[in-house]
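Everything on this sheet refers to the single structure shown next.
The values are calculated or read from the model by the stated rules, or taken from the named source; none is laboratory data. Predicted model, so just to flag it, every value in this text is computed and none were measured. Backbone-built Cβ (ideal geometry, glycine too); neighbour counts: all protein chains shown. The accessibility values were calculated without ligands, DNA or RNA, using every heavy atom of the protein model including side chains. Shrake-Rupley method; radii C 1.70, N 1.55, O 1.52, S 1.80 Å.
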Amino acid sequence: MNIFFIARRDLAAMLGRPALYLITAFFLLATGLFFYLTLSIDRTATLSRVFLGAAVVLLFVAPVLTMRLLSEEARSGTLELILTAPVRTWELVAGKFLAAWAGFGLMLAPTVVYLLLLVYLDRPDIPVILSGYLGLMLVAALLLSFGLLASAVSSSAAASAALGILFSAGAWVLGGLTLVSDNGIGRFLRYLAIQSHFVDFLDGLISLNNVVYFFSGTFFALYLTVQLLHYRRQV
Amino acid sequence: MAGWPRLLRSRRLQGLLWTGGSVLSVGSILLYLAQPVWTTGRLAGFWAGIVLLLTALWLRQITAPGMSTSTPRFLPPALTLLALLAALNALTYRYNPELDLTRARLFTLSEPTIQILQSIDQPVEVIGFFKRGDPRLSRARSLLERYCRYTGYLTYEFHDPTQKLALARSFELEGYGLVFVSGKNHYYTATVDEQGLTRAILHVTRARRKTVYFLTGHGERAIHAGDRSGYSTIRQVLEAENYIVRTVSLAKNSLPTDADLLVIAGARHPLPQSEAEQILAWMSTGGRLLVLVDPQDPLPLPELFRAYGLSLPDGFVVEDMNNALVTLGPHGLTPHQIIPMLTRYPPHEITYGLNGRQTFFPYARPVSIASESQSGYQATAILTTSPASWLETDTSLSEPEFTPGADRSGPFSLGVAVEDPATQTRLVVIGDTEFAANQHLTPHVANADLFVRVVNWLAEDDTVSQIPLRVEAAPPLTLAPDQQNLVLMVAVLLVPLLVVLTGAGVWWARR
């Protein structure tokens, strides 16, 4: 149960730092504004705009959440300590990933207030909203694993955050290629884009393919992270 | 490491690559976020930046002291894993079970559609013309993707009509929409929902062409007459829409069994009893009928109109200056108040997507729904004049003038569509015949389009009407000012503030 031990340790460390609360407050301010706009401009009892906005904010927040996880330990020299400890590398990475994911879940938790407000004001389609939460958590998993990978590549926190943002934003904006053309390349790029798999969740549609997409992306990024650390251990 | 040229090892080069790569890629992403369109320049910038960054990363790896230059050992298994995951994605892309959580079941195709798709036995190509970012584009794409799961014969592609002008023109396309092509048939629709798409597929794959009969023998408009008041253009338009157009005289023959639709386009004389009875019998068993009646003409089937609760008052509709057809004559712009012009239409399958396009009705009489449907059928006005219009009952006047008491004020309905769900009978009555005459079917007015839409709706298979119209009926949410304030206070102020306070508490405790 090394994974959960590491996850708990890292989560506790995260919760002990005021920085997390500032990031969370910023995140919730943004989602709150999106929520207010949904009600006052779109006039619909949905949270899809909130989730879409949250995902865009997350592109920048996720790498910041993960930037310290590995690069900080590398810089302070504790990474060597951990790497030589009787902990398998994949346990370390999985633990850190879970900590970051749970951390984001905690950041997102206060948005349940929006759902309660919607129930109070109107008759929202609750299963659709829950599907949106699921989609956002999957996007978060993918972006956090990207961030973790970036964090393993570089030993500087700032550089790994920048690299993570670049990864994530790159994978996101591929979605802008919706009408480049419908030839093979266009379809392939659209398939790679995060956006095109995320929007179905917002509309209340859960498809196996979309879940598989997020799972594969997250798994592969975590795998690469483990292998990079291994590689470091050897050289 | 000495093997590497000094230039490649130079920190300055690597720094340059890092900076250039970041500026290019981040810059193009920022430009995209500001205005979400991918131009070739931005796309090139983005990828060029990525290539520069990867080069910098690679140079750093291979030239860093103590780094091995051999391929890292994890690459082969990583590539294997990548291939496995790609295969898994490809598999679920093809076989993709879905869970539709929406209340209105927005993503579940209805049974009639699935049956129609499974019965297709010839290739159908769909070519969509939409501008980038048009919400109908993604809706059409996701619907067609779903359609393709039930048939291997359907393919689709999308184009920006402003870029593929020649292609769009080859389908005589005006505006945006989807063109369905199968064999020699093609069909255009701007209705991007399940009904519209299924209707289009049925239309192009139907083995049997539908037949429209125009009744003759009572002074009706002639479909072979090429003069200004003839209907030869409307015949050609219908033939282009894959209809067989014929005339029929019920004095000598009975109604042909292959009739999908009967049109009575302006009968000047009343119908003899025997003919009327034939049509009435047909209508009681799911017949489809279009009746066009001018002011002052006798009603061809008064008992039918009565049975469906329709009344056609005497007189003609006069519009105010702003809603009448205006022509440029020798004395400048002249409004023709007896020619109502419409640009907004009540919601109905026939008028779906027609808003904003002009139709006009020279010398038209109202068709009103006298009594609400008492026996289960639905009567819907499809053409309505402005509230400023009025009904001139004195047809002898040379210049119409509103006489309070005698003349009624509008709005009036000029056309009504009736549907009896029990028998699948459909009837459309329009209080004008001139609107579809040759001289008025110019490309910039939608009169011919309206006629085709009416015929399409009337001749439609029953299956299409069984497909539920899936519009989310949720009315817009209206918040009272205090409710808006509540949302603002809680979501934008209270929640973030509480988090900041918790953070401050943590910081305080740690001090």
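Quick notes on this structure:
- Residues residue A:219 and residue B:155, FRET efficiency given R0 of 35 Å [Cβ-Cβ distance, rounded to 0.05]: 0.60
- For residue B:446, nonlocal amide neighbours, meaning residues 5 or more places apart or on other chains whose placed amide H falls under 5 Å from its own, are B:358, B:359.
- Magnitude of the charge dipole, chain B, Cβ model with Lys/Arg +1 and Asp/Glu -1, debye to 20: 3960
- Residue-count net charge about residue A:18 - beta-carbon cut-off 13 Å; Lys, Arg +1, Asp, Glu -1: +3
- Inter-label distance, nm, simple model (7 Å from Cα along the C-beta direction), residue B:242/residue B:369: 3.1
- Between residue B:86 and residue B:482, the FRET efficiency from the beta-carbon distance, with R0 = 60 Å, is close to 0.65.
- Amide H within-cut-off set for residue B:124, under 5 Å, with H built and near neighbours excluded: B:154, B:155
- Where labels lie 7 Å past Cα in the beta-carbon direction, separation of residue B:225 and residue B:493 in nm: 7.5
- Across region A:208-218, rounded Karplus estimates of 3J(HN,Hα) from the backbone phi angles (6.51 cos²θ - 1.76 cosθ + 1.60, θ = phi - 60°) give 4, 4, 5, 5, 4, 4, 5, 4, 4, x, 4 Hz, Gly and Pro being marked x.
- Solvent exposure of chain A amounts to 38 Å² per residue of accessible area, where only protein heavy atoms count and the probe is 1.4 Å.
- Between region A:1-72 and region B:292-330, the Cα center-to-center distance that results, in Å: 63
- Rounded to 5, percent antiparallel among DSSP beta bridges of the protein assembly as shown: 60
- Simple spin-label estimate for residue B:48 and residue B:105 gives 5.4 nm between the two label positions (7 Å along the Cα-to-Cβ direction from each Cα).
- For chain B, the longest principal axis of the alpha carbon atoms and the long axis of helix B:40-63 meet at an angle near 20°.
- Karplus-derived 3J(HN,Hα) values for region B:415-426, using 6.51 cos²θ - 1.76 cosθ + 1.60 with θ = phi - 60°, are x, 10, 10, 10, 9, 10, x, 5, 9, 6, 6, 9 Hz; glycine and proline are entered as x.
- HN-Hα J in Hz across region B:189-199 - Karplus 6.51, -1.76, 1.60, θ = phi - 60°, x for Gly and Pro: 9, 9, 8, 9, 8, 4, 4, x, 5, 5, 4
- Highest average first, the peptides B:491-501, A:42-52 ordered by how many other beta carbon atoms sit within 10 Å of their residues are A:42-52, B:491-501.
- Coordinate range of the alpha-carbon atoms in region A:2-234 per principal axis, descending: 56, 46, 28 Å.
- Only beta bridges with both residues in chain B are counted; by DSSP, about 60 percent of them are antiparallel.
- Between helix B:273-283 and chain B: long-axis angle, C-alpha atoms, 0 to 90°, nearest 10: 20
- Helix B:135-148 axis versus longest C-alpha principal axis of chain B: approximately 90°, rounded to the nearest ten.
- Averaged over peptide B:87-93, the number of partner chain Cβ atoms lying within 10 Å of each residue's Cβ comes to 5.
- Rolling a 1.4 angstrom probe over chain B with all protein chains present gives an accessible area of which 59% lies on carbon and sulfur atoms.
- Peptide ranges B:246-253, B:151-158, A:212-219 listed from the most packed, as the mean C-beta count within 10 angstrom indicates: A:212-219, B:151-158, B:246-253
- For chain B, fraction of C-alpha pairs farther apart than 35 Å, in %: 54
- Farthest positive-ward along the protein assembly as shown dipole, Cα basis, beta-carbon charges - from A:119, B:265, B:459: A:119
- Inter-chain shielding of B:136-148 (mean C-beta neighbours from other protein chains, 10 Å cut-off): 1
- Region B:111-205: translational diffusion in µm²/s, Stokes-Einstein, Kirkwood Rh over Cα pairs, 25 °C, 0.890 mPa s: 185
- Net charge, residue B:361 excluded, C-beta distance under 13 Å - Lys, Arg +1, Asp, Glu -1: -3
- The rule of thumb for compact globular proteins, 2.2 N^0.38 Å, goes into the C-alpha radius of gyration of the protein assembly as shown 1.24 times.
- Each Cα pair under 8 Å and six or more residues apart adds its sequence gap; the mean of these over the residue count of chain B is a relative contact order of 11 percent.
- Calculated [θ] (222 nm, deg cm²/dmol) that DSSP helices of n ≥ 4 give over chain B, each run adding -39,500 (n - 2.57): -11000 deg cm²/dmol
- Taking every residue in B:438-448 and counting other chain Cβ atoms within 10 Å of its Cβ, the average works out to 0.
- Accessible area buried, both sides summed, chains B and A with 1.4 Å probe, Å²: 6000
- FRET E, pair residue A:17, residue A:102, Förster distance 22 Å, beta-carbon r, rounded to 0.05: 0.90
- Taking amide H positions as modeled 1.01 Å from N, with prolines and chain starts lacking one, the residues under 5 Å from residue B:324 and 5 or more places away or on another chain are B:341.
- Neighbour net charge for residue B:265 - beta-carbon separation under 12 angstrom, K R +1, D E -1: -2
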